[in-house]
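Below is one structure, written out as structure tokens, with a few remarks after it.
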Amino acid sequence: MIELTAANKGVSYERLPVRVSGVAVGYLESASGRGKHREHLFRYEPAISERLAVSLNMPVRAQPYTYEGIHPIFDMNMPEGHLRMALMNMFRKAVAGFDALQLLRVIGPYQLGRITLGQKRDKPMPGTSIQELLVHDGAQDLFDDLLETYAAYSGVSGVQPKVLVRADSGGDVTRLSHRGATHIVKAWQANQYPELATNEFFCLRAATYAGLDVAKHELSSGGKFLIVERFDVAEGGYLGFEDFCVLSGKVSDEKYDSSYEACARIINAYLPVERRARALQELFVSVALTTAIQNGDAHLKNFGLLYDHTGVDADIRLAPAFDLITTTAYLPKDHMALMLAGSKNWPKHKLLYNFGRISCGLGEAQVAQLLELVADGISKAAAELRQHMREADSFADIGTKMLSAWDKGTMRSLLDDKRRWVSLANV
Ligand SMILES: Nc1ncnc2c1ncn2[C@@H]1O[C@H](COP(=O)(O)OP(=O)(O)O)[C@@H](O)[C@H]1O
Ligand SMILES: [Mg+2]
């Protein structure tokens, strides 16, 4: 696991160098206050190019950026929930006054994406055979082994167990010159969310059939892992990625405090004008799909923008869809993660229609056509899901719950005339 080296046992006051695409652009340090309310300060080095800003919201400037807590862009890839608590507790036992900045110092050198904090990484990441992972997932200990190898390299957010790995052969990404992670391996806890990887796999299938751009993904043969190819890997390094939480000026804890209408406003605010219409259409399809498959986890961290740099001529676009799950298969009373028309209840068709027309600027015929596309996509994925249930007994229970959720969600949110829907139990 992560080691506490002498360097990690620093005093509470410290400065963390911040790099963008390997270039030292500034530093982060703690200022006044205590605990959650401790202020942090980020300052750019002199003469940094505007293309190397740490965030779209923090352009290069002479005065420092102060923030109560850790600035959202640096908080973005921190582990969340009990994973974060467990790590903090582990370190607090060993180091008095261990705080969020110290945690960043430990995981910062190996964070996901174009920004790294703390020491320069010295060792290249070890490689893993994705092919082997896909086939040999029966062994209980394999994920533990992966954690063992990769924990120190895994600055990646989220609540479910996951590691960043580097493929050592095959696939397009391994031809790249840099030595960072290429894939995210997502596992699940059997006692809490059984068959989560297979659940996500079929939700991603539905998204693909609904016409969305989706992160490339594969399910291991025993259903233990979902292996997702990183969409922020480019020829010479990593693309910029900022989730909608950061773009709303919020930290991870506030990921449920917003609305899908606000997501549409983010697209209008940050994307170049020629990219907006397409991105708003994708957002609409994504929200429609989320309501139809009853994905109660589509919060601000599960949408993001990708860009090559932060200069005036930056090419900023919507990131592919990721992290789609039918959450009502586990929590039957679950509701939406963000508000739509002022409520988190699963919306009726009319509300979704209004969202498409007003917030996403779509025409009447376009809304109808896109909703049909989503319903068709769900039917296609449902047929595959049913086939998979016949082959994998362990998935029967969750699979049945998913189909019933998709039926309910589609009828409530996508269709204005319920009679046109053939129940998924019959596909
Ligand atoms: N394909 C991908 N490429 C690059 N970054 C990704 C990709 N998928 C997820 N991420 C990043 O990793 C984070 C965690 O992944 P996610 O699939 O959302 O896991 P969880 O189910 O735990 O929320 C995301 O919030 C996003 O920042
Ligand atoms: Mg997520």
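The order of Ile48, Ile107, going from fewest to most other C-beta atoms within 10 Å of their C-beta, is Ile48, Ile107.
Neighbour counts of C-beta atoms inside 10 Å place Ile227, Ile73 in the sequence Ile227, Ile73, starting with the fewest. About its Cα centre, region 368-427 has a charge dipole of approximately 200 debye under the convention of +1 per Lys or Arg Cβ and -1 per Asp or Glu Cβ, with nothing else charged.
Expressed in Å, the radius of gyration and Dmax of the Cα atoms of region 318-376 are 13.2, 36.
Label Gln387 and Ala365 with points 7 Å out from Cα along Cα→Cβ: what is the distance between them in nm? With each label point 7 Å from Cα toward Cβ, the separation is 3.4 nm.
Sparsely packed loop sites in region 179-271 (the trypsin sites (Lys or Arg not before Pro) outside DSSP H, G, I, E and B with at most 13 other Cβ atoms within 10 Å) comprise Arg179. Globularity index of region 222-324 is 1.11 (Cα radius of gyration / 2.2 N^0.38 Å, N = number of residues).
Remark: region 254-425 carries a charge dipole of roughly 580 debye about the Cα centre, counting +1 on each Lys and Arg Cβ and -1 on each Asp and Glu Cβ. Over all directions, the projected convex hull of the C-alpha atoms in region 254-425 averages 10.9 nm² in area.
Label positions at Asp213 and Ala425, each projected 7 Å from the Cα along the C-beta direction, are separated by 4.0 nm. Given the pairs Lys344/Lys380; Lys36/Lys162; Lys120/Lys224; Lys36/Lys216; Lys162/Lys401; Lys36/Lys348, which are separated by over 31 angstrom at their Cα positions? Violating the 31 Å Cα-Cα cut-off are Lys120/Lys224; Lys36/Lys216; Lys36/Lys348. Arranged from fewest to most other beta-carbon atoms within 10 Å of their beta carbon, Phe322, Phe98, Phe202 become Phe322, Phe98, Phe202. Extension gain, Arg34 to Met411, is 130.7 nm, computed as 0.36 nm per intervening residue step minus the present C-alpha separation.
Values in this text are rule-based calculations from the coordinates and carry no lab data. Here the structure is a predicted model, which is why all the values come from computation and not from measurement. FYI the Cβ positions are ideal-geometry reconstructions off the backbone, even for glycines, and counts take in every protein chain you see.
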